[in-house]
Amino acid sequence: MSNRRYVLVSPCRDEAEHMRRTLDSVMAQSSPPTLWVVVDDGSTDETPAILESYRSRMPYLKIVRRANRGKRSVGPGVIEAFTPAWKPSRSTTSTTCASSTSTSIFLPATFEI
């Protein structure tokens, strides 16, 4: 197991179809993140409920909810979604910050270095 401390930031919007796989793949990491900030960018599907159902099993999971702007905004919207993640990530002593989509699936040792 690595001693690397890292923060993972994932913006999402209406990703209920994929969210459980992503959450499970992060939970299976041999070296879990110090902090995982998932920024829900106004989901209108079951994404918020799925995230909430994992919170108690993932003490490093921080969920930031943004108001529904009525649309998905790739590019500028992703940058806007990262802004609320910045403050919580600064409170850690992590050495690395990684970003991922909420549809990513990671092999168990993805963050081992």
Can you tell me which residue among Ser73, Ser53, Ser25, Ser43 is at pLDDT 90 or above, surrounded by fewer than 17 Cβ atoms within 10 Å (Cβ to Cβ) and more than 25 Å from Glu112 (Cα to Cα)? Ser53
Do the conditions hold for Trp36, that is, is it within 15 Å of Val7 (Cα to Cα), under 15 Å from the mean Cα position of the chain (by Cα), among the aromatic types (Phe, Trp, Tyr) and at pLDDT 75 or above? yes
Any idea which residue in the stretch 56-68 is surrounded by the most Cβ atoms within 10 Å (Cβ to Cβ), counting only those that are within 14 Å of Pro32 (Cα to Cα), in contact (Cβ under 8 Å) with a residue 12 or more places away in the chain and out of contact with any Phe, Trp or Tyr (no Cβ under 6 Å at 6 or more places or on another chain)? Lys62
Which numbered condition trips up Leu107, out of (1) surrounded by 13 or more Cβ atoms within 10 Å (Cβ to Cβ); (2) at pLDDT below 65? (1)
Does Thr83 count as assigned to a helix (DSSP H, G or I), modelled with pLDDT of 90 or more and β-branched (Val, Ile, Thr)? no
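The values are calculated or read from the model by the stated rules, or taken from the named source; none is laboratory data. Computed from a predicted model, the values in this text were never measured in an experiment. Heads up, the Cβs are rebuilt from the backbone with ideal geometry, glycines too, and the neighbour counts pull from every protein chain shown.
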